[in-house]
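Here's the structure we're looking at; comments come further down.
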Amino acid sequence: MTKRFEEVVTTPERLRQIVSYPNQAIAEKVINHIDDICRRFIAASPFVVIATKGTDGLIDVSPKGDPKGFVAVLDEKTLAIPDRIGNRRVDSFENILVNPEVGLIFLIPGYGYTLRVSGSASIVRDTALQRQLAVDGKPPNLVLVVTVRQAFMHCAKCIARSKLWQPDAWPNTDNVPSLAEAMVAHARLARSISEQQSVIDTDFKTNMY
């Protein structure tokens, strides 16, 4: 069989031989709780990405967004993330029922740094907490509660390299497929792209919260 790559790295020793080790400040910046620095970051963030692992061994990464500070810091070891109306796939929740470990990345628009949090999660229904997390008077049906085991601020180089927050550097999206186009193709829908787009547009108008 033809060898596709010159080398596949398979050991920690070889990995470190190539990339070396982080300096002390980087290696020791990880804390095991939500301190004031993390709390202030979370309070300004309107967007978090959640990674979970399914029974099939595949990793799922799910974005969550709401007004800034929508993730509540209940105490230094506990975060609460409201679950809003969506497509009812609940991939993350099904994964958490069997593998509670989660990873989070918080982003702030226009800001170069990110906050990474790891821990374990549970799916909660609690009237007082649901009311606390309500938007427009509408509480979430479920809340993802994360017990924090690790947190640290992440370097801004990935944001700088991607020019993520620089509109003049954003790519042209004329040839990027829409969700409607993808759904018609991947789900083999009988309706047209424009018909599916109308369904999506209506859902945005009527089922945001």
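Put a plus charge on the Cβ of each Lys and Arg, a minus charge on the Cβ of each Asp and Glu, and nothing anywhere else: the dipole of the stretch 11-115 about its Cα centre is then about 260 debye. Ligands, DNA and RNA left out, the accessible area of the chain computed with a 1.4 Å probe is 54% carbon and sulfur. Evaluated over the stretch 23-152, the count of Lys pairs having alpha-carbon atoms less than 24 Å apart is 7 (only pairs 8 or more residues apart or interchain). Taken about its Cα centre, the chain carries a charge dipole of roughly 180 debye when the Cβ of each Lys and Arg holds +1 and the Cβ of each Asp and Glu holds -1. Calculated over the stretch 86-209, the projected area of the Cα convex hull averaged across directions stands at 10.9 nm². Across the chain, C-alpha contacts under 8 Å between residues 6 or more apart give a mean separation that, scaled by the residue count, equals a relative contact order of 19 percent. Couplings 3J(HN,Hα) for the stretch 47-60, derived from phi with the Karplus relation 6.51 cos²θ - 1.76 cosθ + 1.60 (θ = phi - 60°), are 8, 9, 10, 10, 9, 9, 10, x, 5, 7, x, 7, 8, 10 Hz, where x marks Gly and Pro. Rg and Dmax, both from the Cα atoms of the stretch 1-114 and both in Å, are 18.2, 55. Each part gets one Cα centre, and for the stretch 131-151 versus the stretch 1-68 those centres are 23 Å apart. To the nearest 10, the accessible area of Arg89 is 140 Å² with a 1.4 Å probe. Per residue, the chain exposes an accessible area of 69 Å² to a 1.4 Å probe, with every protein chain left in place.
Within the chain, all pairs of alpha-carbon atoms sorted by distance into 5 Å bins from zero give the percentages 1, 6, 11, 13, 16, 16, 15, 11, 6, 4, 2, 0, 0. Highest GNM mean-square fluctuation among Val98, Val19, Val145, for the chain modelled with Cα contacts below 10 Å: Val19. Loop-located trypsin sites (Lys or Arg not before Pro) in the stretch 144-173 (DSSP state other than H, G, I, E, B) with a sparse environment of at most 13 neighbouring Cβ atoms within 10 Å: Lys163. Counting 0.36 nm for each residue step from Asp35 to Phe5 and taking away their Cα separation leaves a gain of 6.4 nm.
The values are calculated or read from the model by the stated rules, or taken from the named source; none is laboratory data. The structure displayed is predicted, hence computed values, not measured ones. Positions of Cβ are backbone-derived with ideal geometry, glycine not excepted, and every protein chain shown enters the neighbour counts. Accessible surface is based on the protein model in full, side chains and every heavy atom, while ligands, DNA and RNA are left aside. Shrake-Rupley method; radii C 1.70, N 1.55, O 1.52, S 1.80 Å.
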